[in-house]
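Accompanying notes for the structure given below.
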Amino acid sequence: MDIATTETLPGRRITAIKGVAVGSTVRTKNIGKDIGAGLKSLVGGELKSYSDMLVEARAEALSRMEEQAVELGADALVNLRFMTSAVASGASEILAYGTAVTTEPL
C-alpha cells in the first residue's frame, strides 16, 4: 500500500475516497525507563529508551491505520498525519490518520 503525507501520489490518480483510516496505540512508561531517564536528566542527552518506545509506537499506529484502510477497500493512503496526546499520568497515545483512497495509474 502506498502511503504519503501529500494529497496525491505521483503517477497515480485517485478514483475514490473510502474514508478516514485511523490507527492508535497507548504506551506507558515503566519504572526502569523512569529511573534511567531520571539519571540521564542529571547530565543531559537523548533518552534512548523513550525514543525507541516512540519509534515502536509510531510503527504500531501506522500498521493499525493501514489495516483499517484495507478494511475500507483502499489501496493507498494520502494526507498521513501523526498526533500524540497524554491520556493519563505516564501514558501517551500515538495516533496515525489519513485518507483511504483507491487509485489507478495515470
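Pairing residues of the range 68-82 that are in contact (Cβ under 8 Å) with a residue 40 or more places away in the chain and more than 7 Å from M1 (Cβ to Cβ) with residues that are of a type in the set (F, W, Y) and not in a loop (DSSP other than H, G, I, E, B), at Cβ distances under 8 Å and at least 6 apart in sequence or on separate chains, gives L80/Y97; R81/Y97. When the range 14-44 is filtered for residues that are farther than 24 Å from M83 by Cα and either surrounded by 15 or more Cβ atoms within 10 Å (Cβ to Cβ) or at pLDDT below 95 (or both), the ones remaining, listed by number, are I14, I31, G32, I35, G36, G38, L39, K40, S41, L42, V43, G44. Which of the residues spanning the range 80-93 are surrounded by 15 or more Cβ atoms within 10 Å (Cβ to Cβ) and touching a Gly at 6+ places or on another chain (Cβ under 9 Å)? Passing the criteria: only L80.
Could you go through the range 84-98 and let me know if any residue there is under 21 Å from D2 (Cβ atoms), out of contact with any His (no Cβ under 6 Å at 6 or more places or on another chain) and without any contact (Cβ under 8 Å) to a residue 12 or more places away in the chain. No, the conditions are met nowhere in the range 84-98.
For the range 58-101, filtered to residues that are among the charged types (D, E, K, R) and not in a strand (DSSP E or B), the residue that is nearest to P10 (Cα to Cα) is D75. Please tell me if A96 is touching a Lys or Arg at 6+ places or on another chain (Cβ under 8 Å) and closer than 16 Å to A16 by Cβ. Taking the combined requirement at face value, the residue does not satisfy it.
The values are calculated or read from the model by the stated rules, or taken from the named source; none is laboratory data. Small disclaimer: the values here were computed from a predicted structure and weren't measured. Virtual Cβ from ideal backbone geometry, glycine too; neighbours counted across all protein chains shown.
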